[in-house]
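> Submitted below is the structure of interest, expressed as structure tokens.
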Amino acid sequence: MKKYLANFVFSAKSPPIPKGVLITDDHGMVLDVLENSDGLEDVLEVEGFLCPGFVNSHCHLELSHLRGMLGEKKGLVDFISPIIEMRKASAEVIQSSMRVAEQEMRANGIVAVGDICNTEDSFGLKSESEMHYHNYIEVLALDPAKAKSVFRDGIKLLDQSTEMGMPSSLVPHAPYTASADLLAMLGEKGRSTGGPLCIHNQESPHENKLFMDGTGPLRDLYTGLGNDLSFFAPTQTNSLEAVLKSVGGNVPLLLVHNTYTTTDDLSKVAEYNSQVSYCLCPNANLYIENRLPDIKLLGAADQLMVLGTDSLASNWTLSILDEMKTISASDPSIELATLISWATNNGAKFLGVDSELGSFEKGKRPGINLIYNVDLENIAIGQRSKVRVLS
Ligand SMILES: [Zn+2]
């Protein structure tokens with residue numbers, strides 16, 4: 001048995017407990033959370049904040065070999081163009097880079113990952129990992145004539161992932177890579193299996209432009225790659241509304257990034273699907289577009305908020321604490337307890353693993369993180385804060 005006494009214990013389910021005690025068995029299973037250490041023996045005193053293991057709700061492990069290879073702050077279109085060529089690398093480089101990235105996530109206190117897959121490259125590593133992975137198998141085709149064939153190919157990859165023991169779902173990449181037909185098929189599949197679905201949403205202003213009038217840098221990107229978009233009929237709405245309409249309601253849908261999402265967009269979400277959650281990847285947004293989403297607006301929307309790192313192609317680290325630091329620095333009024341619930345319990349809930357992970361509650365084995373170098377007076381984290389994994 002272990003008894004950790006910390007300056008504050010964040011259970012992710014209740015307000016922080018000053019001088020709280022977390023009691024676990026030797027394998028990290030929570031036995032109790034106490035409000036003080038009165039009468040306890042063999043207490044292990046630690047300096048800082050205790051919180052459950054982090055959930056990285058959006059990652060692309062298979063892009064780990066692209067670390068540091070793409071220019072920063074150039075905007076989404078200039079980010080996408082070179083990736084298509086750079087994805088090609090030897091199997092050894094891809095595998096060893098993923099291994100390093102997974103070790104980095106573990107050292108940074110991450111216990112579960114919602115991970116995008118375009119290939120089976122990461123399946124072997126994940127099936128043997130102690131971390132929990134949910135594989136989001138992406139299918140891409142803006143051309144409606146290709147919807148059925150990419151869906152079929154996606155199902156093959158999905159079955160392979162499921163057979164290897166990983167919870168998996170079939171998802172679109174972004175509004176500009178899926179036809180209305182494909183989105184409808186993915187929505188239907190999600191409803192029949194319980195999902196969850198995810199989509200990169202409004203990561204650049206050009207998505208709305210493409211759906212509004214069919215022009216702009218995203219169309220130019222397609223044309224530049226030799227693709228004729230004559231089949232594409234602009235919906236004359238924002239991209240998000242087009243997606244919501246096609247996917248349909250009654251399916252858990254994670255909107256990732258939301259960098260250009262507005263109040264009007266949120267009202268459309270409320271209209272079409274009550275099971276939408278928002279994933280923030282602030283450091284990737286700074287890396288690619290050098291702009292943050294309206295975090296206050298999204299946070300006030302009364303829907304699940306979760307955090308992700310995106311890939312090492314578009315981030316400096318795979319650290320949920322680093323994402324929390326960026327949010328905290330941009331808006332210090334967001335309480336740390338709120339940020340921790342986004343980083344832990346909400347992510348576990350969206351992935352359907354909150355009976356085991358996400359909070360300090362009796363019987364769970366959520367992982368134990370100590371956040372240190374913190375501001376004890378204001379119960380806050382700062383740029384110098386670090387995380388140590390205790391279990
Ligand atoms: Zn992504």
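Just so you know, all these numbers are worked out from the coordinates, no wet-lab data involved. These numbers come from a predicted model, not from an experiment. Counting neighbours? That spans all protein chains shown, and the Cβs are built from the backbone with ideal geometry, glycine included.
> Kirkwood hydrodynamic radius for the chain: how many Å is it when counted over pairs of different Cα atoms?
Its Kirkwood hydrodynamic radius stands at 21.4 Å.
> Let me ask something additional. Over segment 279-336, what is the relative contact order in whole percent, taking alpha-carbon pairs under 8 Å and six or more residues apart?
Relative CO of segment 279-336 lands at 37 percent.
> Return the loop-located trypsin sites (Lys or Arg not before Pro) in segment 9-107 (DSSP other than H, G, I, E, B) with at most 13 other Cβ atoms within 10 Å of their own Cβ; answer none if there are none.
K73, K88
> On to the next question. Karplus couplings for segment 28-35 from phi (6.51 cos²θ - 1.76 cosθ + 1.60, θ = phi - 60°), rounded to Hz, Gly and Pro as x?
In residue order, the calculated couplings are x, 7, 5, 9, 6, 10, 10, 7 Hz.
> DSSP loop trypsin sites (Lys or Arg not before Pro) in segment 327-371 with at most 13 other Cβ atoms within 10 Å of their Cβ, which ones?
Filter output for segment 327-371: K362.
> Given only helices, namely DSSP H runs of n ≥ 4 each adding -39500 (n - 2.57), what is the per-residue ellipticity at 222 nm of the chain, to the nearest 500 deg cm²/dmol?
-10000 deg cm²/dmol
> Could you tell me the relative contact order of segment 269-391? Use alpha-carbon pairs under 8 Å, at least six residues apart, and round to a whole percent.
Averaging sequence separation for qualifying contacts and normalising by length gives 19 percent for segment 269-391.
> Residues with amide H under 5 Å of V171's amide H, sequence separation 5 or more or different chain, H placed in the peptide plane at 1.01 Å from N; which?
It is I137, E138, V139, by chain and number.
> Looking only at I94, I320, I80, which one moves most when the chain is put into a Gaussian network model with springs between Cα atoms under 10 Å?
Between I94, I320, I80, it is I80 that shows the largest mean-square fluctuation.
> Convex hull over the alpha-carbon atoms of segment 99-185: what's its volume per residue in Å³?
94
> Also: Can you give me the Cα centroid spacing of segment 166-211 and segment 360-391 in angstrom?
34
> Can I ask one more? Compute the length gained on full extension between K13 and E128: take 0.36 nm times their separation in residues and subtract their Cα-Cα distance, giving the result in nm to one decimal.
38.4 nm
> So how far apart, in nm, are the two label points at R388 and A184 if each is 7 Å from Cα heading toward Cβ?
5.7
> Roughly speaking, what is the stretch gain from R99 to D264, that is 0.36 nm per residue apart minus the C-alpha to C-alpha distance, in nm to one decimal?
Contour length minus the Cα-Cα distance gives 55.2 nm.
> I've got another one for you. Which of the chymotrypsin sites (Phe, Trp or Tyr not before Pro) found in segment 347-391 are in a DSSP loop and have at most 11 neighbouring Cβ atoms, other than their own, within 10 Å?
none
> Could you give the nm distance between label points at L225 and V77, where each point is 7 Å from its Cα heading toward the beta carbon?
1.4
> Would you list, by chain and number, the aspartates and glutamates whose Cα falls below 17 Å from the Cα of K189, excluding same-chain residues fewer than 8 positions away?
Partners found: E138, D153, D159, D181.
> Over segment 251-374, what lengths in whole Å, largest first, do the semi-axes of the equivalent ellipsoid take, defined as the square roots of 5 times the eigenvalues of the alpha-carbon gyration tensor?
They are 22, 20, 13 Å, listed largest first.
> On a C-alpha basis, how far is the centre of segment 1-76 from the centre of segment 113-139 in Å? Whole number, if you could?
If we compute the Cα centre of each part, the gap is 23 Å.
> Please give me the summed charge of the neighbours of F79: other residues whose Cβ is under 12 Å from its Cβ, Lys and Arg +1, Asp and Glu -1.
Taking every other residue near F79 into account, the sum is -3.
> OK, next. If I stretch the segment between M1 and V43 completely, what's the gain in nm (0.36 nm per residue apart, minus their alpha carbon distance), one decimal?
Length difference between fully extended and current span is 14.1 nm.
> Further question: When you take every Cα atom in segment 1-159, what is the radius of gyration, and what is Dmax, the widest Cα pair distance, in Å?
Calculated on Cα positions, Rg and Dmax stand at 21.4, 70 Å.
> Compute the distance in nm between two label points, each set 7 Å from the Cα along the Cα-to-Cβ direction, one at A300 and one at S330.
So the label points at A300 and S330 sit 1.6 nm apart.
> I would also like to ask the following. Kirkwood Rh over Cα pairs of segment 319-366 into Stokes-Einstein at 25 °C, 0.890 mPa s: D in µm²/s?
Result for D is 216 µm²/s.
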